[in-house]
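*Asks:* Have a look at this one.
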Amino acid sequence: MIETVFVESQIIDHPITERVLSCLPKADLLNINRYQELFNKRQQNFRLQKEKPALILAKKHDNFVLPAPSGFGMDSQKNFYFSHMYNCIYDCRYCFLQGMYSSANYLLFVNFEDFFRSISETIQNNAGSSLTFFSGYDCDSLAFEKITSFAQHTLNFFKEHPEVEFELRTKSVNIETLLNLEPISNCIVAFSLSPESVADVLDKKAPRVNKRIRAIKKLAKSGWLVGLRLDPLIFCKNWKGLYSELIEEVMADLEIRNLHSVSFGPLRYPKKMYNTIAALYPDEKLFAFPMQTTGQLVSYGPEIENEMATYIQDELKKYLGVDRIFQCLI
């Protein structure tokens, strides 16, 4: 439950602001000039703030659309991402956001129209190229849907641009908006998944994996393209059996024709980010594993990464052609 909402004065009358505030009638409302004075403030305690985050409503002024990090995308010639929100309502222990931002407060940019304008310009400037746009890199695309209506606005926009692909990445089971819309052929609803026993420990506050799987199958049966994102792969006792069971469970009775793609990627961090996250949770078993440092990158190391990648790919090949299986390295 959000108890405090900070609102930039310049967007107090914006329609998205009004919608959000109407959904949070009991929250304390405080006006601010610019979000940076709160969100970028130094010496904040991310772990403590995560217990009871505030919501900040703001206007974004630049960098609406950015090139996706190398290794993040699928097989499009060019991949871009946009972030209408910073931080996530879930609290997954491996999440890189806790090492990226000093604040755990939710930051929502309400000026969706400026994102759409920038996306339109990006499409025009890259005419002739295959493009994919990703939402859910700095937040969860659907977790706040009942409050923000972000997905509904964004899907309406991309419906008018069938020449490009759009991916909503999520762990949320808030799929009512999608089920109430006609499926859009250029939209992929991509769910991040881990084996149930792994997610029970690491995916704090996120919906259980079996609920995500039910949502995936329901969307696929309704005609939506879905994606599976096995990212990051977690090395643990009996990991082969756990991932085999996960893949088998997802594929059972799934409308395979509506499975757009499956991607997987290793657990990796920039060194500075890893040190920040590990310091937040010194007793977390995930960070007790003897990771390898290569230059500025911390990971399980090439031996474990290659073993996991080969095994996961072989398991997926039992159900899919290689044209729908991707290894993402970021």
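The values are calculated or read from the model by the stated rules, or taken from the named source; none is laboratory data. Keep in mind that what you see is a predicted model, and the values were worked out from it rather than measured. Neighbour counts run over all protein chains shown; Cβ positions are idealised from the backbone, glycine included.
*Asks:* Just to verify a result, which residue in segment 141-175, among those that are under 15 Å from I216 (Cβ atoms) and either of a type in the set (D, E, K, R) or in contact with a Pro (Cβ under 8 Å, 6 or more places away or on another chain) (or both), is surrounded by the fewest Cβ atoms within 10 Å (Cβ to Cβ)?
*Replies:* Only one residue fits best here, namely V173.
*Asks:* For segment 123-131, indicate whether the set of residues that are in contact (Cβ under 8 Å) with a residue 40 or more places away in the chain, assigned to a loop (DSSP other than H, G, I, E, B) and under 20 Å from T154 (Cβ atoms) is non-empty. It would help to see each step written out before you state the result.
*Replies:* Initially, segment 123-131 is screened for residues in contact (Cβ under 8 Å) with a residue 40 or more places away in the chain, giving 123, 126, 129-131.
Then drop every residue that is not assigned to a loop (DSSP other than H, G, I, E, B), which leaves 126, 129-130.
Next cut, under 20 Å from T154 (Cβ atoms) only: 126, 130.
Among the residues of segment 123-131, at least one is in contact (Cβ under 8 Å) with a residue 40 or more places away in the chain, assigned to a loop (DSSP other than H, G, I, E, B) and under 20 Å from T154 (Cβ atoms), which makes the answer yes.
*Asks:* Quick one: which residue in P195, P183 is under 24 Å from F326 (Cβ atoms) and surrounded by 21 or more Cβ atoms within 10 Å (Cβ to Cβ)?
*Replies:* P195
*Asks:* Would you list the strands (runs of 3 or more DSSP E) that sit entirely within segment 1-106 and hold 1 or more residues that are touching a Leu at 6+ places or on another chain (Cβ under 9 Å) and at pLDDT below 95?
*Replies:* Once the strands (runs of 3 or more DSSP E) in segment 1-106 are filtered for at least 1 residues that are touching a Leu at 6+ places or on another chain (Cβ under 9 Å) and at pLDDT below 95, what remains is 78-82.
*Asks:* A further question on this structure: Give segment 160-208 a look and list any residue that's among the basic types (K, R) and touching a strand residue (DSSP E or B) at 6+ places or on another chain (Cβ under 8 Å), or say none. So that I can check it myself, show each step before the final result.
*Replies:* Restricting attention to segment 160-208, the residues satisfying the condition of being among the basic types (K, R) are 169, 171, 204-205, 208.
Selection gives R169, K171, K204, K205.
Residue-by-condition table, conditions (1) surrounded by fewer than 16 Cβ atoms within 10 Å (Cβ to Cβ); (2) aliphatic (A, V, I, L, M); (3) touching a His at 6+ places or on another chain (Cβ under 6 Å); (4) closer than 17 Å to Y101 by Cα:
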site	(1), (2), (3), (4)
D13	yes, no, no, no
E18	yes, no, no, no
L21	no, yes, no, no
L24	no, yes, no, no
L29	yes, yes, no, no
N33	yes, no, no, no
L38	no, yes, no, yes
L48	yes, yes, no, yes
A54	no, yes, no, yes
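*Asks:* OK, next. Taking the criterion of being in contact (Cβ under 8 Å) with a residue 24 or more places away in the chain and either within 24 Å of G227 (Cβ to Cβ) or of a type in the set (S, T, N, Q) (or both), would at least one residue in segment 279-295 satisfy it?
*Replies:* No, every residue in segment 279-295 fails to be in contact (Cβ under 8 Å) with a residue 24 or more places away in the chain and either within 24 Å of G227 (Cβ to Cβ) or of a type in the set (S, T, N, Q) (or both).
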